[in-house]
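Every read-out reported here was derived from the displayed coordinates using simple, explicitly stated rules and does not represent laboratory data. What you see is a predicted model; the values in this text were computed from it and never measured. Here Cβ is always computed from backbone atoms with ideal geometry, including for glycine, and neighbour counts include all displayed protein chains.
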Amino acid sequence: MKILILNGPNLNLLGKREPEIYGSLTFEAYFSTLKEKYSTIDLHYFQSNIEGEIIDKLHEVGFNFDGVILNAGAYTHTSVAIGDAIKGIETPVIEVHISNVHSREDFRHISYIAPNAKGVIAGFGLKSYDLAIESFL
Ligand code: DQA
């Protein structure tokens with residue numbers, strides 16, 4: 001099974017960025033624990049701060065991977081283009097968030113990803129990604 005974890009803007013700063021919300025672990029450190037835990041899965045990781053690169057990556061994997069776990073960061077709340085990309089591919093996408101976006105500012109309650117996603121997982125810290133992998137298994 002081939003799964004891509006795709007992180008959007010500012011998620012490269014995990015570990016340093018607002019640790020009271022997002023925790024103090026870097027994504028790279030967390031990703032190596034995921035690789036160990038799910039050693040039978042072909043697990044890939046890509047992060048970009050650029051909307052078009054996220055769309056290009058969705059196109060690249062969207063007809064040959066079994067699943068995408070997407071944390072589009074703030075693009076979740078703004079990007080019609082990422083929403084359209086998900087609509088246009090075959091691979092199912094699960095939307096994840098580290099924080100509970102519904103308990104935060106109103107603008108975080110809107111998602112252009114969710115209507116096109118297989119499901120949404122939010123608010124469980126980095127464990128949100130574990131839960132998304134479990135749901136693909
Ligand atoms: C986030 C929530 C978004 O609202 C925010 O812009 C992020 C991170 C999360 O994982 O909790 O960058 O997607």
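Computed with the Debye formula from one identical point scatterer per Cα of the stretch 31-100, without solvent, the log10 of I(q)/I(0) at q = 0.23 Å⁻¹ comes to -1.12.
The dipole here belongs to the chain: it is taken about the Cα centre, uses +1 on the Cβ of Lys and Arg and -1 on the Cβ of Asp and Glu, and is about 200 debye. A compact globular protein would have a Cα radius of gyration near 2.2 N^0.38 Å; the ratio found for the stretch 85-137 is 1.16.
Each residue of the stretch 107-118 was assigned a 3J(HN,Hα) from its phi angle through the Karplus expression (A = 6.51, B = -1.76, C = 1.60, θ = phi - 60°), giving 5, 7, 7, 8, 9, 8, 8, 3, x, 10, 8, 6 Hz with x at Gly and Pro. Based on the Stokes-Einstein relation at 25 °C and a viscosity of 0.890 mPa s, and on the Kirkwood radius from alpha carbon pairs, the chain is assigned a translational diffusion coefficient of 166 µm²/s. Length, then width, then depth: along the principal axes, the Cα atoms of the stretch 1-72 run 37, 31, 13 Å.
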